[in-house]
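The values are calculated or read from the model by the stated rules, or taken from the named source; none is laboratory data. Note that this is a predicted model, so its numbers are computed, not measured. Please note: Cβ atoms are built from the backbone with ideal geometry, for glycine as well, and neighbour counts cover all protein chains shown.
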Amino acid sequence: MIPFLEILLALPFAAAAALAWLRPRSRAASAWLAASAPVLGLLVLLWLSPAVLQGWIPRADHAWIPQVGFNLTLRLDGLAWMFAGLVLAIGALVVMYAHYYLAREDSAPRFFGCLLLFMGSMLGVVLAGNLLLLVVFWELTSISSFLLIGFWYKRQDAREGARMALAITGAGGLALLGGVLLIGRIVGSYELDVVLAAGDVIRASELYPWMLALVLAGVFTKSAQFPLHFWLPHAMAAPTPVSAYLHSATMVKAGVFLLARLHPALAGTDLFFYTVSGIGAITLLLGAWSAIFQHDLKGLLAYSTISHLGLITLLFGLSTPMAVVAGVFHIINHATFKASLFMAAGIIDHETGTRDLRRLGNLRRYMPMTSALAIIASLAMAGIPLLNGFLSKEMFFAEALEIRGHQYMRHAIGVAALLYAVFGVAYSLRFVHEAFFGQGPRAVKREPHEPPRWMKIPVQVLVLLCVAVGMFPAFTVAPVLHTAAGAILGPALPRYSLAVWHGVNTPLLMSLAGIAGGIALYFGLRRLLDMHAIVRRSLGRTLFRWNMDALYSVAGRFTRKVANRSLQRSMVWLVLAAVAAGAAPFLSGAHAPLEWRASQPMPLLGWLMWLVLVACTVWTIRLYRQRLLALVVLGGAGLMVSLTFVFLSAPDLALTQLLVEMVSLALLLLGLHYLPPRSPPERTPRRRRRDVAVAAVAGLGTGLLAYAMMTRAPGDAASLEMLARSLPEAYGRNVVNVILVDFRGFDTFGEITVFGVAALIVHALLRRARMAPEKVMSSPPMKLPVPADLAQLMFPLTLTVSVFLFLRGHNAPGGGFIAGLVLAVPLLIQYVIQGAASVESRFGFDYIRCIGIGLMVAGLSGAASLVFGVPFLTSGHLDLSLPLVGTLPLASATAFDTGVYLVVFGGAMLILSMLGTIKPSRTRLAQDGVIGGMRSTRTGEPL
């Protein structure tokens, strides 16, 4: 069976990964590649549509961590089908629009890559059939939206808006995780089908109020509900294609999607009704009123988005079947007219150089087609008859008047509905009147003109949908609405009619009153107030910035108090914290006393190695001020540790320790080039006594714990089980390697990710670092009596040894980690002997790309097992018969080990190459009279 849902979810991520290989100036190729993902996704969705429309729910189930109920479950019911269609269809239009919107200096691959990352994350949210999986994709939407909002990272408002969005929606995601964990505790499962069927159990639980509060915190932060709505207007610093996508059809809709998704399980209580409908009503009015006084086109649309999101939240809070239908209907309508309006605003900004209503006006003469499209979309937003916004607004009015059992709420929501209609017409009228009519434009940067034809097509398609749905709803949107609402309500789905005319009734009179009131309000405000002089301050932004400033201030004072720019003090705190954490269980009595057992006798050779190890350690402390001598003696201690592993029959650990010692030695030698030859003495004897006491307590405590663990009975350890399961289940005789790439493969994947990130951080910190050595390390850091050619001759031999150790690692000592270090050693020696410039002139390897390829190979090889219905990184085995060679046993874990190999090699070399190319300070160069004439040996950039 073809894994349609897996393909649908993987398409955006695969396209985003492919975009990473394109050059920043590859605009056309980036746009075509980015468009392929949503277009192919729509084809997959179209293939599945007949089954979904008939009520069947395609599913895909893959075990992930079944012990805690975390499975990769995907399901495509009617609601997910509708949202997936919105995500993909509007995503394709946004890609087309963005191709013409982005400036030449903008990196198209980076933009489209982030956009596709968000698209895939949003698809994961709507397709997730497991609540824990939904939370994972939920947080990915926060991270990817942070990257999109801050795309123009050189602008202060973009950085501030991205941080604000991430802080608020990220905090909401943590709250949602807590709510999901409580749901799992109440229901006993995180599978969506089980949760939705356990609504009565959830509502009857004593944990229901706490769970509801946490889930709604996630919903309200993501969908910009009061009082956490203020982040959305500041996210308008993003490029307009981002606003058209995130803030009309996707990110802000994630909250109301979750509200709709969990509606059968959470709704039906007074707490849900009053909380959700109350917050929705406040947001509805606050956003609409604030939109009237915005001068920025995107700011006006942002506050109107907040208002419409409040409307959708209010409808789901009412919880009646027809209110749910109206909420789903308005999700569709809002996505179409709001995306088209954002794009129209972007066209105006693109072709005039401003979005300020105070400088615009009379654009209908210069941009007639864009003006017509924007006016129609604005009328749809205002709820004018024969457009799609009118139909869902009528349904809202009808439901506001049909509230039963809550008399005061009925009156309050009825008034809120009428005010919403008035305010909606007022801000829509301001958008139209001040942008396209009147006098102007004034002091614009460019002569207004129509955009390229293909830039208008996405707007034309969306506006055409607004008109088609408004005039022929039964033929256009009725099947989609019926399918999506039916997925929420099930058998409770009511009978309703989507028609343009329902006769003269109260909702129609309310609409007419809203239109008349909105016109009167707008022109009345223009007569009474100078609207262009009104500047509204965001109280939420002020409080947020005050809180952030206070947090930074407290953190700064704490850092100055604790660290005080002293590495010794920081180390003391870290060691004391580790000692306290290790001793706490024993001091509190929560842990059983250590069981001391007879240890194995120590032979003479073991005592000799121990004595050498102790002597090296003592002499390192004795010679610490003479840094080079201390480093040499410390290497002797590392060598003794390696020999100890050999003595204990642990060749893998011995190889790893020996190679780490060699790499560390080269690293420290490079670091010593930037340090004085001798360390300064301690300031006071009191500090020396303190350090001795802390080191003694930490060392003795760690030694006692290690001794207690090593003297436990062998039957108490998990090692016997790993020894027994290594060959039959993971097809490897080297248990150490099997543990790394299979039993604890996910842990290893996290470790190499951390290693790669650490290398990239070192690269970022040292790329433009300037210290004060006498010269750049283009010459060897120290004179060694070793011929330079010897290091070059070692490389082919070392490469052969590295490949040999890699290939044998699953069944004998070796593996990706050891092989990566072996390959790095001869290059490190060349760095030390010959200098960075000489090495990199002959070996121009891209270490950053090597890290990226390694992580991608490791991730894809681990995920490949999911295709076969087994958990991540489950090993497979194949005996390959080759001519002359014979039978060659292959394990799928070799592919994962390849990723480890590349990451270890690339990360180690990136760190050491950056240490070898630190630039001298500009002050020193100016004193030497050579500033401006030196260039980096690694990048060729001027120093």
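Surrounded by fewer than 24 Cβ atoms within 10 Å (Cβ to Cβ), in a helix (DSSP H, G or I) and among the small types (G, A, S), is that true of G299?
Numbers: surrounded by fewer than 24 Cβ atoms within 10 Å (Cβ to Cβ): yes; in a helix (DSSP H, G or I): yes; among the small types (G, A, S): yes.
In short, yes.
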Just a yes or no: is a residue in segment 292-306 more than 22 Å from P458 (Cβ to Cβ) and either without any contact (Cβ under 8 Å) to a residue 24 or more places away in the chain or among the aliphatic types (A, V, I, L, M) (or both)?
yes
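Looking at P452, P448 in this structure, which one is assigned by TED's automatic domain parsing to the domain that holds L314, modelled with pLDDT under 90 and within 37 Å of the chain's Cα centre (by Cα)? Show your work before the answer.
On the way: P448 fails: within 37 Å of the chain's Cα centre (by Cα).
After applying the criteria, what remains is P452.
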From (1) closer than 23 Å to T240 by Cβ; (2) touching a His at 6+ places or on another chain (Cβ under 6 Å); (3) in a helix (DSSP H, G or I), pick out the condition that doesn't hold for R358.
(3)
When segment 438-452 is checked residue by residue, the ones that are closer than 13 Å to E351 by Cα and not aliphatic (A, V, I, L, M) are P441, K445, R446, E447, P448, H449, E450, P451, P452
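A quick yes/no check of all residues on (1) within 22 Å of the chain's Cα centre (by Cα); (2) closer than 23 Å to A400 by Cα:
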{"site": "L228", "(1), (2)": "yes, no"}
{"site": "M236", "(1), (2)": "yes, no"}
{"site": "P241", "(1), (2)": "yes, no"}
{"site": "H247", "(1), (2)": "yes, no"}
{"site": "V252", "(1), (2)": "yes, no"}
{"site": "F272", "(1), (2)": "no, yes"}
{"site": "A281", "(1), (2)": "no, yes"}
{"site": "H295", "(1), (2)": "no, no"}
Select from segment 884-926 the residues that are over 27 Å from the mean Cα position of the chain (by Cα), of a type in the set (V, I, T) and within 30 Å of A812 (Cα to Cα) and write down the one among them that is modelled with the lowest pLDDT.
V885
Restricting segment 543-571 to residues that are at pLDDT below 85 and β-branched (V, I, T), which is nearest to P680 (Cα to Cα)?
V562
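Here is a list: R110, R59, R104. Which entry is surrounded by fewer than 19 Cβ atoms within 10 Å (Cβ to Cβ), of a type in the set (K, R) and within 21 Å of the chain's Cα centre (by Cα)? Give the steps one after another, and end with the answer.
Working: R59 fails: within 21 Å of the chain's Cα centre (by Cα); R104 fails: within 21 Å of the chain's Cα centre (by Cα).
Result: R110 is the single residue among R110, R59, R104 that is surrounded by fewer than 19 Cβ atoms within 10 Å (Cβ to Cβ), of a type in the set (K, R) and within 21 Å of the chain's Cα centre (by Cα).
State whether the residues of segment 586-608 include one that is of a type outside the set (S, T, Y), modelled with pLDDT of 85 or more and more than 19 Å from A706 (Cβ to Cβ). Even if it seems obvious, please write down each step before you answer.
Here is the first cut: in segment 586-608, the ones of a type outside the set (S, T, Y) are 586-587, 589-598, 600-608.
Next, only the ones that are modelled with pLDDT of 85 or more stay: 608.
Now drop any that are not more than 19 Å from A706 (Cβ to Cβ), which leaves 608.
For segment 586-608, residues of a type outside the set (S, T, Y), modelled with pLDDT of 85 or more and more than 19 Å from A706 (Cβ to Cβ): present.
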Quick check on my filter: what residues within segment 272-296 are closer than 19 Å to G218 by Cβ, crowded, with 24+ Cβ neighbours inside 10 Å and of a type outside the set (G, A, S)?
V276, T283
Segment 850-873, residues that are free of Cβ contacts under 8 Å to residues at least 40 places away in the same chain and not in a helix (DSSP H, G or I):
F868
When only residues in segment 732-770 that are under 25 Å from the mean Cα position of the chain (by Cα) and of a type in the set (D, E) count, which is surrounded by the fewest Cβ atoms within 10 Å (Cβ to Cβ)?
D747
Suppose we filter A98, A103, A63 for residues that are over 22 Å from G129 (Cβ atoms), of a type in the set (G, A, S) and not in a helix (DSSP H, G or I); which single one remains?
A103
Note: among L46, L115, L22, L93, just one is under 29 Å from I457 (Cα atoms) and outside any helix (DSSP H, G or I), namely L22
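Out of the residues in segment 361-373 meeting the condition of being part of a helix (DSSP H, G or I) and touching a helix residue (DSSP H, G or I) at 6+ places or on another chain (Cβ under 8 Å), tell me which one is farthest from V415 (Cα to Cα).
Just the residues of segment 361-373 that are part of a helix (DSSP H, G or I), to begin with: 368-373.
Imposing the further condition that a residue be touching a helix residue (DSSP H, G or I) at 6+ places or on another chain (Cβ under 8 Å) reduces the set to 369-371, 373.
Details: M369: 37, T370: 35, S371: 33, L373: 32 Å.
Going through the qualifying residues, I end up with M369.
Within segment 266-282, how many residues turn out to be among the polar types (S, T, N, Q) and in contact with a Leu (Cβ under 6 Å, 6 or more places away or on another chain)? Full working, then the answer.
So the first thing to find is which residues in segment 266-282 are among the polar types (S, T, N, Q), and the list is 269, 275, 277.
Within this subset, residues satisfying the condition of being in contact with a Leu (Cβ under 6 Å, 6 or more places away or on another chain) are 277.
The total comes to 1.
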Over segment 374-422, the set of residues assigned to a loop (DSSP other than H, G, I, E, B) and either of a type in the set (S, T, N, Q) or in contact (Cβ under 8 Å) with a residue 12 or more places away in the chain (or both) is G383, I384, P385, L386, L387, L401, E402, I403, H406
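Is there a residue being of a type in the set (V, I, T) and modelled with pLDDT under 90 anywhere in segment 514-535?
Looking only at segment 514-535, we keep the residues that are of a type in the set (V, I, T), and these are 515, 519, 534-535.
Add one more test, that the residue is modelled with pLDDT under 90, and what stays is 534-535.
Checked segment 514-535: at least one residue is of a type in the set (V, I, T) and modelled with pLDDT under 90.
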Only one residue in I306, I348, I312 is in contact with a Pro (Cβ under 9 Å, 6 or more places away or on another chain), within 27 Å of P209 (Cβ to Cβ) and not hydroxyl-bearing (S, T, Y), so which one is that?
I306
Could you tell me whether segment 356-363 includes any residue that is farther than 30 Å from F475 by Cα and within 34 Å of the chain's Cα centre (by Cα)?
yes
What is the residue count in segment 477-507 for residues that are β-branched (V, I, T), buried (at least 17 other Cβ atoms within 10 Å of the Cβ) and assigned to a helix (DSSP H, G or I)?
3
